[in-house]
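Data first, discussion second: the structure below is written as structure tokens.
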Amino acid sequence: MEWNRPPYTISTDPARLDIDLVHRFLSEEAYWALGRSRQVVERSIANSLCFGVYQASAQVGFCRLVTDHATFGWLDDVFILPEQRGLGLGKWLVACVMSHPEVVDLKRVALATRDALSLYIDYGGFTPLHNPDRWLERKLTT
């Protein structure tokens, strides 16, 4: 799928993804993915519904949805390059993800963020967990 807001495009075409750029940003700049190996980035992309944000042919943003395509999705690795921030691209990206036909009917889409709560609440329809006492996690430390 594609969404256009010239001069920007959001696309789910995996062939358009700049894996070098995604890996570099995640492993060097994203607080949640510092040091992530290229192999892990490639595997995560291969097993997710990915969205790239492009200005002409240059990728300027990314996110992925880990999903079973039926009931659940996990929104992860959302970023817009620093030089492109402040233009509403993150808002547009989240809105496009949530409007995707494989996402709109999912029973639950979850995410974790430490600094962008209002983005996801305002543009993705997210709310705090209704029953946080029912959610558990297993977090491996490296």
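The values are calculated or read from the model by the stated rules, or taken from the named source; none is laboratory data. Bear in mind that the values here come from a model prediction, so they are computed numbers and not experimental data. Cβ coordinates were reconstructed from backbone atoms using ideal geometry, including for glycine residues, and neighbour counts include every protein chain displayed. Surface areas here come from the heavy atoms of the whole protein model, side chains and all, with no ligands, DNA or RNA. Shrake-Rupley method; radii C 1.70, N 1.55, O 1.52, S 1.80 Å.
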Residue check for residue 133: assigned to a helix (DSSP H, G or I), open to solvent by 100 Å² or more (accessible area, probe 1.4 Å) and more than 24 Å from residue 5 (Cα to Cα): yes
Close pairs (8 angstrom Cβ cut-off, 6 or more residues apart or separate chains): more than 13 Å from residue 98 (Cβ to Cβ) and of a type in the set (S, T, N, Q) in the stretch 109-131, modelled with pLDDT of 90 or more and open to solvent by 100 Å² or more (accessible area, probe 1.4 Å) anywhere: none
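When you look at residue 63, is it in contact with a Pro (Cβ under 9 Å, 6 or more places away or on another chain), part of a strand (DSSP E or B), closer than 21 Å to residue 112 by Cα and in contact (Cβ under 8 Å) with a residue 24 or more places away in the chain, yes or no? Let's see the steps before the verdict.
Details: in contact with a Pro (Cβ under 9 Å, 6 or more places away or on another chain): no; part of a strand (DSSP E or B): yes; closer than 21 Å to residue 112 by Cα: yes; in contact (Cβ under 8 Å) with a residue 24 or more places away in the chain: yes.
No: the conditions fail for residue 63.
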Candidate set: the stretch 75-122, residues that are in a strand (DSSP E or B) and crowded, with 16+ Cβ neighbours inside 10 Å; chosen: the one farthest from the chain's Cα centre (by Cα): 109
Subset tally (residues that are assigned to a loop (DSSP other than H, G, I, E, B) and either of a type in the set (A, V, I, L, M, F, W, C) or in contact with a strand residue (DSSP E or B) (Cβ under 7 Å, 6 or more places away or on another chain) (or both)) for the stretch 1-18: 5
Selection from the stretch 62-74 of residues that are small (Gly, Ala, Ser) and either open to solvent by 20 Å² or more (accessible area, probe 1.4 Å) or closer than 20 Å to residue 4 by Cα (or both): 70
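Could you say which residue among 48, 37 is free of Cβ contacts under 8 Å to residues at least 24 places away in the same chain and either of a type in the set (Gly, Ala, Ser) or more than 13 Å from residue 81 (Cα to Cα) (or both)?
Working: 48 fails: free of Cβ contacts under 8 Å to residues at least 24 places away in the same chain.
37 is the lone residue from the list that is free of Cβ contacts under 8 Å to residues at least 24 places away in the same chain and either of a type in the set (Gly, Ala, Ser) or more than 13 Å from residue 81 (Cα to Cα) (or both).
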Search result, residues across the stretch 8-31 that are touching a helix residue (DSSP H, G or I) at 6+ places or on another chain (Cβ under 8 Å), open to solvent by less than 30 Å² (accessible area, probe 1.4 Å) and not polar (S, T, N, Q): 8, 10, 17, 22, 26
